[in-house]
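Please read the structure below before turning to the comments.
The values are calculated or read from the model by the stated rules, or taken from the named source; none is laboratory data. Model, not experiment: these values are computed from the prediction. Backbone-built Cβ (ideal geometry, glycine too); neighbour counts: all protein chains shown. For the accessible areas, the whole protein counts, side chains as well, though only heavy atoms, and no ligand, DNA or RNA atoms are used. Shrake-Rupley method; radii C 1.70, N 1.55, O 1.52, S 1.80 Å.
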Amino acid sequence: AIQDSPVRTQHMFGVAVFPQRGMGCSSAKGAVAGEPRKQIRKPVQPSERSAGTADVPGGKSHIDSPASATPLRPVPEPPGEDWADDEVPEEPRVTMPISTGTPLMQRGTSSGDLAGDVYGAWHGTSRSDADGILVAVHKSLADEQICDALAPFLANRVLNSSWAKGHDDVAYYCKAPLALLEAGREADARKALAIAARFAERDGSGSGYALYREEFLQAPWFWICWAASRLKDEDLANRCFTRLRAYRHTVTDSGLVKAPFRRHQEFEADFYATALVAKAALLRGAKDEAVASGDSMLRALEANRDSMDRRKRFRLRWCWQSGLIEREDRFYSVAQDRPGQLVALLGLPAVVLLELSRFTSPTARARRFREGAERLLGFLRGCNGLARNPGASVVLYAAALARDAPLASELSAGLAAKAPGEPGDDFESVDQASETLIWLSLASRHSAQATISL
């Protein structure tokens, strides 16, 4: 509730704040301008936490309402452990031979991507479970037919100066460097990164692709940051990360859409955008920020519990005053009973939560991240036409991370059955080809063995 004088408000996002009259869904939560964050952000105790989201027919989901029927389970925030600069793990490579199913950890130096160590979680996996996932991935991707088709398609466009003259848009280039790198074409990836760097000074608002122009303006920076981190272009990676962080709410640690964070202005937070800032923080070694954004994802997941169970909807966006936004739009919800949903908006968050579960202490917190990812995968499993969905590749990758052999097998079979032709030259086709190449290259590196790394 908004009062004339500052009052304490308990909220789904786990912070105690002091809103002011007229702020509405404002992103500004501090009553005093310039007040240090540590003075306004603190965990709400379980006894203080407000009732949770209740989906009332004909009404909105009000997180702050004491009349809400479904209380939120508190998500405690035990202190994590900081990494010293010399303790940041190098990117590991986990090689899992099909014949044994036994992961062999091999330390690599190709990347500073912290999330790569997530595959250390494969230690202790039973031989049958590991083999099940490997066979599922290997079944349709062993000969890398899809990747072998997509990599030349992409390189022949983004690296073709004649083609590039008529396709001067960040949507064509932001994912291409990482895609080519994951496909094993490092020289091409470096050339593509040099081209993509030209777009690093501005967001996606000037793109002809609506996804970047209207919804996720910061997303191009994320993909360029990832590629630059892998290719050791620290200046470019840091510039993109700095710009991406402007779309992070400084109190709730949620990712924002449509506009960067501004105090005393309305905001719209988003589940996928929160995963972007968490993953980028992992890439750049900002563990505390990554974990804080991961906690925000868990709170949004918990607020969705009733909607997921009863309405078969995952609400992707929220604002401060009204909580989850109930809008039937592909950028606002993922519906299980409707084909063609943007499943990648849940697939990438599942990947990020699984990565966080590997790097987080204490163990109870890591377990919550993993359980959150498993709930997302359970929801995605029930989505109509998932195996035929263009965004299924990231879900396949998440299933492999989670050792969910049945889901990985189903998605692998679906990818194999699609027998893709050459994509078109439109924004969405090129962008989707790049992302598919990224996730499938991560899931299957060689025809004779599954080598998974980040």
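Overview of results
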{"quantity": "For the stretch 216-224, Karplus couplings with θ = phi - 60° (6.51, -1.76, 1.60), whole Hz, Gly/Pro x", "calculated": "10, 4, 8, 4, x, 4, 4, 5, 5"}
{"quantity": "D309 accessible area, 1.4 Å probe, all protein chains in place, Å² to nearest 10", "calculated": "100"}
{"quantity": "Accessible surface of T250 - all protein chains present, 1.4 Å probe, nearest 10 Å²", "calculated": "50"}
{"quantity": "Phi to ³J(HN,Hα) by Karplus 6.51 cos²θ - 1.76 cosθ + 1.60 over the stretch 245-260, Hz, x for Gly, Pro", "calculated": "5, 5, 9, 10, 6, 6, 9, 8, 6, 7, x, 10, 10, 6, 7, x"}
{"quantity": "Sparse-neighbour loop sites [GluC sites (Glu not before Pro); the stretch 298-395; at most 15 other C-beta within 10 Å; DSSP]", "calculated": "E328"}
{"quantity": "3J(HN,Hα) from dihedral phi, the stretch 288-298, Karplus parametrisation 6.51/-1.76/1.60, rounded to Hz, x for glycine, proline", "calculated": "4, 5, 4, 5, 4, 5, x, 4, 4, 5, 5"}
{"quantity": "Accessible surface, the stretch 310-397, averaged per residue in Å² (probe 1.4 Å)", "calculated": "34"}
{"quantity": "Computed Rg/Rh of the stretch 259-327, alpha carbon atoms with Kirkwood Rh", "calculated": "1.01"}
{"quantity": "Cα centroid separation, the stretch 294-335 to the stretch 350-402 (Å)", "calculated": "16"}
{"quantity": "Amide H contacts under 5 Å for S254, placed H, 5+ residues apart", "calculated": "H249"}
{"quantity": "Residues with amide H under 5 Å from that of S333, placed H, sequence gap 5 or more", "calculated": "L316"}
{"quantity": "Accessible-area ranking of I438, I195, largest first, probe 1.4 Å", "calculated": "I195, I438"}
{"quantity": "At q = 0.11, 0.14, 0.15, 0.18 Å⁻¹, base-10 log of I(q)/I(0) for the stretch 163-274 (Debye sum, equal scatterers on each alpha carbon)", "calculated": "-0.35, -0.56, -0.63, -0.87"}
{"quantity": "Cα-derived Rg to Rh of the stretch 327-378, Kirkwood definition", "calculated": "1.10"}
{"quantity": "Cα-based shape type of the stretch 289-419, given that a ≥ b ≥ c are square roots of the gyration tensor eigenvalues and the cut on a/c is 1.5", "calculated": "oblate"}
{"quantity": "Other-chain or far-sequence residues with amide H under 5 Å of E266's (modelled H)", "calculated": "S27"}
